[in-house]
Amino acid sequence: MSGKTYRANDVVSCVDEGEDGAMLYNPDTDESVLLNPSGLTIWTLLTSPRTIEEIAGHLAAANPGLTSEQARKDAEQFIQSVVPDFVIEAPNEH
Amino acid sequence: MSTEALTVPDLTVPPTGLSRAPRELSLCVTGRCNLKCRYCFYADEMTGRSDLPTERWLALFDELGGLGAQRVTLSGGEAFLREDLFELIDGIIANRMRYAILTNGTLVSQDTVEAFDEGKRRLRLNYVQVSIDGSRAEVHDQSRPPKSFDRALSGLRMLKQAGLPVTVRVTVNRTNLDDLPNIARLLIEDVGLDGFGTNEVEQMGSARCYGESVVLTPAERLRAMDILTELNEQYEGRINAQAGPLAMARHFAKIEESLAQGKNGLPGRGMLNSCGGCLTKMAVLHDGTMVPCDLLPTLTMGVIGLHSLAEAWRSSPAINAVRYRRKIPLTSLPTCHDCTYAGFCSGGCPGSVMAKYELLNARDPLVCYRIFKGEEPGDAAV
Ligand code: SF4
């Protein structure tokens, strides 16, 4: 994953359901996924292309208790769970 | 009797956990139809309301896209009568939604089929559902104008040959009961469908005028249940039903099985909650009237373009009244208070109940197990 750049898939809709998190829906594949509030934060970041390192950096800054190693793991885990339906690789866009 | 049933609910307050907007909508995009079938549930709505113009539908799709709606089902009337149908479909696609079409099939041509190849129209299509009610013209056309069968079957075959996701709904009625095995053979073996769906003519819309000739008698319904259960076994579960004789047969078999196991109820039963109560879906009629369901056209929630759909979805007493049904125990109804089967029951479709009694909080005698068993006379008071 290192060095790769990711961004939100344009076709995906996102509905913020408040405390319940947010629902992403890809109408091309008819797949949906529920994000918790921190997933929604990452999703919002991905409106512009981001690397794992950048996502981890944002997570660590937003959660002072989080080690940089854990932040990176969380970022990787998130990306793994949403690629390719909801987030796509954007190698040349960064 | 539950005390909850006696409290007066504030129907402007949505149930806890309700989404901010509907995920799915049923859209009757036209009140026009090229046929005049004897059991059209929408017939009463087709007079006195006019079709919304293209731009009003497109504005609705923009609103729905902003709210994150996921799927719409286009029906009518006959959806393919709208010359702008594919323009509407493109508006749905542009707003990140998928779609399905319910049709009588008679207007489907090679041009129609090819039109699905443009852009993402094919990718975003969930299914086209064609109504086929006979294995041959003499049966199908008994309740529809002449030549309907040939044109519907030709439309169905074209859609299938083009590799589009196509399905069929067979509406069981007095004219096609004996033809059901032939219909199954035609659709599965000849046309090559994976399966098909069934329901039953109900006393609503134009069937109110033609009732005697189309609506099943109790004895015929029983036969339909047996025939469809057998056919479903023969075709290894390829016949579906969410309502009608096959659904009833399954439900009643489940009750008998549970009773034999000594149970006195089933999970999620015992309340008036048969259809899930509009927690993810609502409908819009062809003149823009928002309603909880197209089978509940008199429960007005507002008008698109004039009222906010998101607000109507959450705060309209009309839809919240349907949602509130799930809190009403069947044992609180005068018809059901002493019923030993109440714990297995969900009271039937609110649309059918409304059509019969102009009431929402009542049970539908059609799905009543006690009536089915002959333990209560057929048409008891509400
Ligand atoms: S009387 Fe009929 S509708 Fe009422 S609870 Fe019993 S089975 Fe259900």
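When region A:6-31 is filtered for residues that are surrounded by fewer than 17 Cβ atoms within 10 Å (Cβ to Cβ), in a strand (DSSP E or B) and modelled with pLDDT of 95 or more, only A:E31 remains. Taking the condition surrounded by fewer than 20 Cβ atoms within 10 Å (Cβ to Cβ), in contact with a Pro (Cβ under 8 Å, 6 or more places away or on another chain), over 26 Å from B:T335 (Cα atoms) and without any contact (Cβ under 8 Å) to a residue 60 or more places away in the chain, does B:L193 pass? No.
Residues in region A:43-71 that are among the hydrophobic types (A, V, I, L, M, F, W, C) and assigned to a loop (DSSP other than H, G, I, E, B): how many? Total satisfying the criteria: 2.
When each of A:A61, A:A75, A:A71 is tested for being more than 27 Å from B:R20 (Cβ to Cβ), of a type in the set (A, V, I, L, M) and surrounded by fewer than 19 Cβ atoms within 10 Å (Cβ to Cβ), the lone residue that passes is A:A61. Of all the residues in region B:305-334, those that are out of contact with any helix residue (DSSP H, G or I) (no Cβ under 7 Å at 6 or more places or on another chain) and closer than 18 Å to B:R363 by Cβ number 6.
Output yes when any residue across region B:342-360 is of a type in the set (S, T, Y) and under 24 Å from B:L74 (Cα atoms), and no when none is. Looking for residues that are of a type in the set (S, T, Y) and under 24 Å from B:L74 (Cα atoms), one finds at least one in region B:342-360, hence yes. Taking region B:290-325 as the range and being farther than 10 Å from B:P14 by Cα and β-branched (V, I, T) as the test, the residues that pass are B:V291, B:T298, B:T300, B:V303, B:I304, B:V322. Number of residues in region B:330-345 that are more than 8 Å from the ligand (Cβ to nearest atom) and either in contact (Cβ under 8 Å) with a residue 24 or more places away in the chain or within 14 Å of chain A (Cβ to nearest Cβ) (or both) equals 4. Within region B:59-71, the set of residues being surrounded by 21 or more Cβ atoms within 10 Å (Cβ to Cβ) and away from chain A (no Cβ under 11 Å) comprises B:L60, B:F61. Considering every residue within region B:314-325, establish whether at least one is more than 16 Å from the ligand (Cβ to nearest atom), touching a Pro at 6+ places or on another chain (Cβ under 6 Å) and within 14 Å of chain A (Cβ to nearest Cβ). Yes, region B:314-325 has at least one match.
Looking at B:G77, is it away from chain A (no Cβ under 14 Å) and touching a strand residue (DSSP E or B) at 6+ places or on another chain (Cβ under 7 Å)? Judged against the criteria, B:G77 is a match.
Here are some residues: B:L27, B:L35. Which one is away from chain A (no Cβ under 14 Å), buried (at least 22 other Cβ atoms within 10 Å of the Cβ), outside any helix (DSSP H, G or I) and of a type outside the set (S, T, N, Q)? One residue alone meets the criteria, B:L27.
Has region B:291-305 got any residue that is among the acidic types (D, E), away from the ligand (no atom under 16 Å from the Cβ) and in contact with a Ser or Thr (Cβ under 7 Å, 6 or more places away or on another chain)? Within region B:291-305, one or more residues are among the acidic types (D, E), away from the ligand (no atom under 16 Å from the Cβ) and in contact with a Ser or Thr (Cβ under 7 Å, 6 or more places away or on another chain).
Suppose we filter region A:12-50 for residues that are touching a Lys or Arg at 6+ places or on another chain (Cβ under 9 Å), of a type in the set (A, V, I, L, M, F, W, C) and either touching a residue at least 40 places away in the same chain (Cβ under 8 Å) or more than 14 Å from chain B (Cβ to nearest Cβ) (or both); how many remain? Final tally of qualifying residues: 3.
Would you mind stating whether A:S38 is in a helix (DSSP H, G or I) and of a type in the set (S, T, Y)?
On the way: in a helix (DSSP H, G or I): yes; of a type in the set (S, T, Y): yes.
Here the answer is yes, as A:S38 does meet what is asked.
Can you name the residue in region B:348-365 that is within 8 Å of the ligand (Cβ to nearest atom) and within 17 Å of B:T217 (Cβ to Cβ) and, of all such residues, is nearest to the other protein chains (Cβ to nearest Cβ)? This residue is B:D364.
In the set (1) more than 12 Å from the ligand (Cβ to nearest atom); (2) touching a Cys at 6+ places or on another chain (Cβ under 8 Å), B:C368 fails one condition alone, (1).
The values are calculated or read from the model by the stated rules, or taken from the named source; none is laboratory data. Computed from a predicted structure; not experimentally measured. All Cβ positions, glycine included, derive from the backbone under ideal geometry; neighbour counts span all protein chains shown.
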